[in-house]
Number of protein chains: 2
Amino acid sequence: MYFSSWLSQLYRGLSRPIGRTTQPIWVSLSRNLVLSSQRKIPEFSSFVARTNTCGELRSSHLGQEVTLCGWIQYRRKNMFLVLRDCHGLVQVIIPQDESAASVKKILCEAPLESVVRISGAVISRPPGQENPKMPTGEIEIKVKTAELLNSCKKLPFEIKDFVKKTEALRLQYRYLDLRSVQMQYNLRLRSQMVMKMREYLCNLHGFVDVETPTLFKRTPGGAREFLVPSREPGKFYSLPQSPQQFKQLLMVGGLDRYFQVARCYRDEGSRPDRQPEFTQIDIEMSFVDQTGIQSLIEGLLQYSWPSDRDPVVIPFPSMTFAEALATYGTDKPDTRFGMKIIDISDVFRNTKSEFLQDALRKPQGTVKAMCVREGAEVLPVFLKANSNWNSPAAKFIVEEQRLELTRIMETREEDMVLLTAGEHKKACSLLGKLRLECAHLLEGRGVVLRDPTCFSFLWVVDFPLFLPKEGNPRELESAHHPFTAPHPSDGHLLYTAPEKVRSQHYDLVLNGNEIGGGSIRIHDAELQGYILSTLLKEDATLLSHLLQALDYGAPPHGGIALGLDRLMCLVTGAPSIRDVIAFPKSFQGRDLMSNVPDSVPSEELKPYHIQVSWPTDSEAEKRKESFTPSRKLRVLSSVLHQC
Amino acid sequence: MYFSSWLSQLYRGLSRPIGRTTQPIWVSLSRNLVLSSQRKIPEFSSFVARTNTCGELRSSHLGQEVTLCGWIQYRRKNMFLVLRDCHGLVQVIIPQDESAASVKKILCEAPLESVVRISGAVISRPPGQENPKMPTGEIEIKVKTAELLNSCKKLPFEIKDFVKKTEALRLQYRYLDLRSVQMQYNLRLRSQMVMKMREYLCNLHGFVDVETPTLFKRTPGGAREFLVPSREPGKFYSLPQSPQQFKQLLMVGGLDRYFQVARCYRDEGSRPDRQPEFTQIDIEMSFVDQTGIQSLIEGLLQYSWPSDRDPVVIPFPSMTFAEALATYGTDKPDTRFGMKIIDISDVFRNTKSEFLQDALRKPQGTVKAMCVREGAEVLPVFLKANSNWNSPAAKFIVEEQRLELTRIMETREEDMVLLTAGEHKKACSLLGKLRLECAHLLEGRGVVLRDPTCFSFLWVVDFPLFLPKEGNPRELESAHHPFTAPHPSDGHLLYTAPEKVRSQHYDLVLNGNEIGGGSIRIHDAELQGYILSTLLKEDATLLSHLLQALDYGAPPHGGIALGLDRLMCLVTGAPSIRDVIAFPKSFQGRDLMSNVPDSVPSEELKPYHIQVSWPTDSEAEKRKESFTPSRKLRVLSSVLHQC
């Protein structure tokens, strides 16, 4: 893929890069400015020592004297070379006559990836030598002067997309990896999409971009927050996981409509495809309900969606959490394909099978099934099942039940049915995981299940407000966070059966990935205090400022945050969020380029009144074990799997 | 000042808020979208439970049924109240008839600053009761329904701009302080200016907005960097003072034009009018020279400048560091007024005064003077000088010298001349400080020196590359940072007289404040290594990744960073940068609202392998002393002074 083809796609909304008489086709952005001066918008060569970019030259430039700056990508027989900048490639003819000996010397002796500036005329390629695959393929540059701006030493790898590198090598030399077409595309598209989001929020809907602090207070139960020692002995800042408290306080402060492209921090130790710092499109509004936020976000994504993709269709479909779980076995269903989970408990109400009887007798006990179309043929390894009910489960199922099942599941020949019996949530979750595994395996064998150009958005709503606490299921914890408002229909249950209360939380799911979540917040101080102290048994003093703020005329408000890294990963089709971040950390939280985190001289710790607690030998040994190759491989395999 | 007046100014470029037939007068932003639907851009009431904002209603809305949400600002005799939202104020008539008893009860019983939603008709005020000072002063709302959305408890202070509060109280209840007209204006203007900057950079000039990490490596000599402990024992991240290394690496990566509204961190302990985290408009370009960056920034400020101010005139004047020091005694001259420093050494070449002889004999010895117009009259306290040379210095100065001085200084009656003799830099700096003190005192006595509506930009260039190291003047340290390129004319001096080398650094000064600085960078690995290791004697291993990157085809590049907080402070005329930041820290680095930094349970320190080194009693005592009232007062006084 040539540079210019994606770049022109990327900027095609702004201008068609076809010469000086560019016609702007995007309605925005100073139309009269462009028309009056016939300048290209954006101007990629303003303020610098070149007249044009390498990728923009066409037949319409013929005869022009141009100055270009770029990297020597390729050279053949000292006759010509290919010069590259971030906008594309152009062919440059090395002069062979005596009088240009110094120019020839510079261009022939400079190692590949050296940086040069050349001046010369745009000329036609000789007939038959045009390259239709190359956007600049009709022309070449007849060089008059050349200057070596910087010579390049031997590289650790070639800057060519088809040269495969390990990710560790790419991260170690990130500044070289960034020269690849794919990374250039990913970062530029990210910048463009965020800019469009800002236009939508600021210019179209009057949102205010407010920067909130990242040196803040730890939140109750915020065990995943990085600490920052201060110069006061024993006192620390925390790096917040989101601007949640600030955005709510801004609403109390009457800001009405806030957004921020917010840097957030979460210390999750080693987790694949997560980053210790990440970015979210953070939004909060006063006097809004769930529908309002949803419409806002639908408009936002539609407006900012890349113009070379199919347009986003709005409104997005919506599904309750209960339905998502029952039908797809997850709270983030991939709705690009079927294979829905079906409740077949009724088929087995009178079963003789003790196993099924037991399952159905338990609280929330069910029997669930999922039909994998043509699964028997392509997935023989999976359950050793085939269309003739040749299955370990067959003996539990009498003829009548078989007929009924075939009817309910709409089973056809060569289909495979996966059955599970047990507690509703567990049974659904299991089938949900198998559903994705089956899809993966089927696709691996050539069955077309999910269109890679399809973007399937889905709202998931009506989550439970609380969940049983991990490790202590008799207590409650917030399903999302303690500021989420209860569902208006369930308010009365807060005092009688809080575990049944649904929330006003909503998740935005794209192709089976959660890309955003938000809620209508609690604006009543008393209710907030009751939930924090009585139901969640949290230390409310850490939040006394917020509780107090709610008492001083807090408007009803709600918001959402979109995970920008994940969104860009899906939009670009990148295998990992690391491919849409300029300088990502490895999955162990390390910067492989600069070797971070790093040791610090102990005198630099003194002003912060801290010292290192070195682990004892046995602790160190334990730590070491957790990073043996086998564990590393497991983590790596998990990364690969997720990609 | 009414809300709407500034809001309409703020958004006047976008639309005149005078009813449904709004005419957009700004060329940008989807012109046809607006014209086709006659929607207002931006739409401040999209997605929410109101039809209009309080501040936008005019006679053109007469007869319309509207729904408004806002805070009860004021109520009189249970007859009417004033409702406020972030867009302004509107008068609401409380219904008095029996059938509306419940509405009346809600509106009369809700405490001030409670949040309500009302619906009703826009009607004319009775003749003679219009309020021309109030943008909505021709109309009022006849309420039909009302809902109390949230009641307000007794406030710690009134939300009225004329009610003076201490800054500590304002910071403690920041969410209430944000409701003030001034804070709303400051934050909204900041958001708007940054948005315009983004449009200029992204949409007009093809810059790429790239987010760079804030969990990074400490820089050599970076003693002011916050540390973030990691889960690896003894290993730390640092919060960088700027994205300097990343922006340079992005250039090596071929990004060509980078910008970021970057969060930066600097731990300076307690310093007035500084913040531990701050924001800079961070820019870097490849293939650019000093002139290119300067033109870019001039265009940026011109484009983003608030439309209700005098337009920015470009290009900005430029002055060398040497000239700035000699003429204004500082590297950030306030060029809004004269009182320049004049070298009068030649007048005293043959002086008999031993004091002056001594001064002139020393290396760089000079005699300098500054003339304070009418200073003798208004500053009698200052040097007890008067126009008759009635001064302690008079005895040193013979008649001939007096005449010569009067000629050079263009002294007139009632002027005061300040003389100083000594080493050039010290003499200039002293007069530079006195110059500002004099201006302050003169203005305090009613002399008009500096027009508060005037914005005087100035480039200061040709700084020295190195300065004598603080504490060890025989060694060198970077005047700015070690990546700054030497002045092209001075390259040869690097190896013979490095202290004489000028740099390609440039500062942008506005009204005597440094609001930005940048440089052309070193792109040659060998030169960068020589400066780091040989001249600066820094540990270059901390920067090995950068040195290596320069060897792999780094393009020539340069950049700049604008201090956004300081710039907004000057644009809004705010007394402190804390007034243009939503949630600032106090000058001791504390968040007074949430009480941060704070203690952390020791078990939360364990995963990070750190423990607190509690100061010994004597250390604690010393610490305490440094915060005795007298020091506090000094710091406070310094703050007040700077304001």
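The values are calculated or read from the model by the stated rules, or taken from the named source; none is laboratory data. Here the structure is a predicted model, which means the values were calculated and not measured. Backbone-built Cβ (ideal geometry, glycine too); neighbour counts: all protein chains shown. With ligands, DNA and RNA removed, areas are computed over all heavy atoms of the protein, side chains included. Shrake-Rupley method; radii C 1.70, N 1.55, O 1.52, S 1.80 Å.
Averaged over the residues of peptide B:106-115, the number of Cβ atoms from other protein chains lying within 10 Å of each residue's Cβ is 2.
Treating r as the C-beta distance of B:ALA497 and B:GLU443 and R0 as 41 Å, the FRET efficiency rounds to 0.40. Other protein chain C-beta atoms within 10 Å of residue C-beta, averaged over A:134-145: 0. Placing a label point 7 Å from Cα along the Cα-to-Cβ direction at B:LEU547 gives distances to the equivalent points in the other copies of 5.6 nm, listed shortest first. Here A:LYS154 is the anchor, and the aspartates and glutamates within straight C-alpha reach of less than 19 Å, apart from those fewer than 8 places off in the same chain, are A:GLU109, A:GLU113, A:ASP177, B:ASP524, B:GLU526, B:ASP551. Taking a straight Cα-Cα cut-off under 18 Å and skipping sequence neighbours fewer than 8 places away in the same chain, the aspartates and glutamates within cross-link reach of B:LYS362 are B:ASP343, B:ASP346, B:GLU354, B:GLU423.
Summarising the amide proton neighbourhood of A:PHE463: residues at separation of 5 or more, or on other chains, whose placed amide H is nearer than 5 Å comprise A:PHE321, A:SER503, A:HIS505.
Over all pairs of different C-alpha atoms in the protein assembly as shown, the reciprocal of the mean inverse distance, the Kirkwood hydrodynamic radius, equals 34.8 Å. Per-residue ellipticity at 222 nm, computed for chain A from helices alone with -39500 (n - 2.57) per DSSP H run of at least four residues, works out to -8000 deg cm²/dmol.
Annotation for A:ALA168, label-to-label distances across the other copies: 5.6 nm (shortest first, one decimal, point 7 Å from Cα along Cα→Cβ). Measuring only protein heavy atoms, the 1.4 Å probe finds A:LYS40 accessible over about 40 Å². The residues of chain A have, on average, 43 Å² of accessible surface per residue, using a 1.4 Å probe with all protein chains present.
Mean separation of Cα pairs under 8 Å and 6+ residues apart, divided by the residue count of the stretch B:211-291: what relative contact order is that in percent?
27
The GluC sites (Glu not before Pro) of the stretch A:84-164 that meet both conditions, a loop assignment by DSSP and at most 15 other Cβ atoms within 10 Å of the site Cβ, are A:GLU130, A:GLU158. Rolling a 1.4 Å probe across all protein chains gives B:CYS371 an accessible area of roughly 10 Å².
Backbone phi angles across the stretch B:211-218, fed through the Karplus curve with coefficients 6.51, -1.76 and 1.60 (θ = phi - 60°), yield HN-Hα couplings of 8, 10, x, 10, 9, 9, 9, 5 Hz in residue order; Gly and Pro are listed as x.
Across chain B, the volume of the C-alpha convex hull divided among the residues equals 226 Å³ per residue. Look at the dipole of the stretch B:566-623 built from charges on Cβ: of B:VAL571, B:PRO607, B:ILE581, the Cα furthest out on the positive end belongs to B:VAL571.
Label point of A:LYS469 (7 Å along Cα→beta-carbon): distances to the other copies' equivalent points are 5.6 nm, sorted ascending.
Residues whose amide H lies under 5 Å from that of B:SER242, counting only those 5 or more places away or on a different chain, are B:TYR265; hydrogens are built 1.01 Å from N in the peptide plane.
Subtracting the Cα-Cα distance of A:GLU109 and A:ASN131 from their residue separation scaled by 0.36 nm leaves 5.3 nm.
Using a Förster distance of 56 Å, how high is the FRET efficiency between A:THR51 and A:LYS395, based on the Cβ-Cβ distance and rounded to 0.05?
0.10
Each DSSP beta bridge with both residues in chain B is either parallel or antiparallel, and the antiparallel ones are about 90%.
Return the tail of the calculated pair distribution for the stretch A:321-362, meaning the percent of Cα-Cα pairs more than 11 Å apart.
69
The stretch A:176-202 and the stretch A:138-158 have their alpha-carbon centroids 27 Å apart. Computed from label points 7 Å out along Cα-Cβ, the spacing between A:PHE157 and B:ARG361 is 7.0 nm. Name all residues of the stretch A:122-160 having a backbone nitrogen under 19 Å from the label point set 7 Å from the Cα of A:GLN96 along its Cα→Cβ direction, giving them as ranges. Under cut-off, by backbone N: A:123-130, A:140-145. Rounded to the nearest 20, the Cβ-based charge dipole of the protein assembly as shown about its Cα centre (Lys and Arg +1, Asp and Glu -1) stands at 600 debye.
Between A:THR145 and B:GLU526, the C-beta separation translates, for a Förster distance of 22 Å, into a calculated FRET efficiency of about 0.30. Beyond 18 Å, the tail of the calculated P(r) for the stretch A:405-449 holds 43 percent of the Cα pairs. 3J(HN,Hα) along the stretch A:511-527, derived from phi through the Karplus expression 6.51 cos²θ - 1.76 cosθ + 1.60 where θ = phi - 60°, amounts to 6, x, 10, 6, 10, x, x, x, 6, 7, 9, 6, 10, 9, 4, 5, 4 Hz, with x in place of Gly and Pro. The order of A:HIS480, B:HIS505 by accessible area, most exposed first and with a 1.4 Å probe, is A:HIS480, B:HIS505. Surface composition of the protein assembly as shown: carbon plus sulfur atoms hold 53% of the accessible area, using a 1.4 angstrom probe and ignoring ligands, DNA and RNA. Helix A:424-444 and the longest principal axis of the Cα set of chain A meet at an angle near 30°.
Legend: P(r) of the stretch B:121-280 from all alpha carbon pair distances, 5 Å bins from 0, whole percents, reading 1, 6, 9, 10, 11, 13, 12, 9, 8, 7, 5, 4, 3, 1, 0, 0. Working note: Karplus 6.51/-1.76/1.60 with θ = phi - 60° gives the stretch B:194-203 the couplings 5, 4, 5, 4, 5, 4, 4, 6, 6, 7 Hz, where Gly and Pro are set to x.
Scanning residues 5 or more positions from A:GLU423 or on other chains, those with amide H under 5 Å from its amide H are A:THR366, with H placed 1.01 Å from N in the peptide plane. Each of B:SER59 and B:GLU414 was given a label point 7 Å from its Cα along the Cα-to-Cβ line. The distance between the two points is 5.0 nm. For the pairing of chain B with chain A, what total accessible surface becomes buried, with a 1.4 angstrom probe, in square angstrom to the nearest 100? Rounded to the nearest hundred, the buried surface is 12700 Å². In the stretch B:181-206, the residues whose accessible area drops by at least 40 square angstrom when the other protein chains are added to the isolated chain are B:LEU187, B:ARG188, B:SER191, B:MET195, B:ARG198, B:ASN203, B:LEU204, B:HIS205, B:GLY206; the probe is 1.4 Å and only protein heavy atoms count.
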